[in-house]
Amino acid sequence: MRTPSTVARALARSIGWLSRHAGRGGGTTVPGVILLRLRPDAVAELAGPLGRSIVISATNGKTTTARLVVAALEAVDTPIVANTAGSNLLRGVATALLDAKRPTGATGVFEVDEAAMGSVVEQLAPEVVVLMNLFRDQLDRYGELEALADGWVELVDRLPETTTLVLNADDPAIAELAHRHAKVVTFGVDDASAARAAVQHAADSTTCRNCSSPLVYERVFIGHLGHWRCPNCDRRRPPPDVSVAAFDPEGISGSSLTVATPTGPVAVATALPGLHNAYNVAAAVATASSLGLDLHTSARAIGSTGAAFGRAERVALAGHDLMVLLAKNPAGVNENLRTLVLHPDPLHLLVLLNDRTADGRDVSWIWDVDYEEIFDRVGSLTICGDRGHDMALRFRYGGFPVDRLTVHSNVGDALDAALLTMPDRAPLFALPTYTAMLELRAELVRRGVADDFWKDA
Ligand SMILES: [Zn+2]
């Protein structure tokens, strides 16, 4: 028998049930933790009945992209097993497989933490591996961006020839992996009008992975993503198989895209705002293409998919729309600010900064964020979190008037204070770190305006 022992499964499941009903977090990984203690190869065993699986990793965008890929597959009635509750380590994948009601023949879609990719890919043997980007994130957890990129090189070198690699051509460290594997589908952004003038402040990976020379950019889109080439060797951005040929932002309410594919262009109208979501859409279309799905059907399904909590999701709260934009690293926050600038009215902001393990203990990254770009657009600024005073200092040193911001010690007070300062029906934009996002979510659940986290799936 290749299935884990029935006792182990039953035990792991009941612990998950107890955890959920005792109200301790989402209870999303405890069963997986226990199962992996009992059976270290449990993921390989549990994944046996799946028809195939797809693994998606990135610093930014993996949660949203996994949702888009799930939508494309569901549009053609494919049964899915996914870790949609946001638990993206090996134990989260194990728990999703444990919870699967009908895994036989299903397609597994898993978003996976960058550092957990090695063990997950080894056990799942996925048909498709999607690698989207590597940005500086939680430095104290990972050490170096280079180490993660090296880890992904090893991962790619161990892949069987039959695995399809879906790679971001615009990220030099990711595109380099195309030289190490035969079956590759690349994606990127071609629309020159979406480019920025220069490599951003938060740019991370700007040296050639082949010869270490500084790269030259013809266009920059987000951070170090763009049209790059090495002046010293043959490395350059490969022409992508799937690309955003036209990107028309519609403020914070979404965007319209034309995505060029090997079988012709498809149109995607999405409620997900910003160029970072255009990359997510391109990654999802490239994945659908590599799976042989009908791309017009996929594009419609991808376009009609809403945001995950914390990824531009809107929640109705006391006559206002609350939009939550996860703020966990400079590149991601800069892109969110760039999207917020498109909002025509004064911005009412709730900024939440925690420094717990899942956020990264080092909050110095906030000094790499270009908050100054929105200073003259801010209508009100409410700050909260374990390190709220660090954030207030960041704004103050940037030149933001201190008498126009308030700092609060708990989320409920901060939310009330923010709502008090705002005109009727104005939207509130929340920029929380990961654990602050969970606290905000819990507060919204208490107020009866959002569902429990683990019911999200
Ligand atoms: Zn080079």
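Some points to look at:
- Chain lengthening between Ser212 and Arg361 when straightened (0.36 nm per residue, less Cα-Cα): 50.6 nm
- Low-density loop cleavage sites - chymotrypsin sites (Phe, Trp or Tyr not before Pro) in segment 233-315, where at most 15 other Cβ are within 10 Å (DSSP): none
- Residues with amide H under 5 Å from that of Asn168, placed H, sequence gap 5 or more: Leu131, Phe187
- Charge tally for Gly388 (other residues, Cβ to Cβ under 14 Å; Lys, Arg +1; Asp, Glu -1): -2.
- Trypsin sites (Lys or Arg not before Pro) restricted to segment 373-450 and DSSP loop, no more than 10 other C-beta within 10 Å: Arg425
- Segment 311-455: radius of gyration over Cα atoms, expressed as a fraction of 2.2 N^0.38 Å: 0.96
- Per-selection Rg to Rh, the chain - Cα, Kirkwood hydrodynamic radius: 0.95
- At 0.890 mPa s and 25 °C, Stokes diffusion of segment 45-303 via Kirkwood alpha-carbon radius, µm² per second: 134 µm²/s
- Relative intensity of segment 29-80 on a log10 scale, I(q)/I(0) at q = 0.17, 0.31 Å⁻¹, equals -0.75, -1.05, per a Debye sum over C-alpha point scatterers of equal strength in the absence of solvent.
- Only lysine pairs 8 or more places apart or on separate chains count here, and in the chain those with Cα atoms under 28 Å apart total 6.
- Taking the C-alpha atoms of segment 330-405, convex hull volume expressed per residue in Å³: 83 Å³
- With Rh defined as the Kirkwood radius, the inverse of the mean 1/r over Cα pairs, the Rg/Rh of segment 386-457 is 1.01.
- Sequence-distant residues sharing a close amide H with Asp355 (under 5 Å, placed H): Asp386, Arg387
- When Rg and Dmax are taken over the Cα atoms of segment 147-287, they come to 15.1, 43 Å.
- Helices in the chain, meaning DSSP H runs of at least 4 residues, each add -39500 (n - 2.57). Divided by all residues, the mean residue ellipticity at 222 nm is -10000 deg cm²/dmol.
- Principal semi-axes in Å for segment 52-175 [√(5λ), Cα gyration tensor, largest first]: 24, 15, 14
Coordinate-derived values only; no laboratory data. Not measured: the values here are computed from a predicted model. Cβ atoms come from the backbone with ideal geometry, glycine included; neighbour counts cover every protein chain shown.
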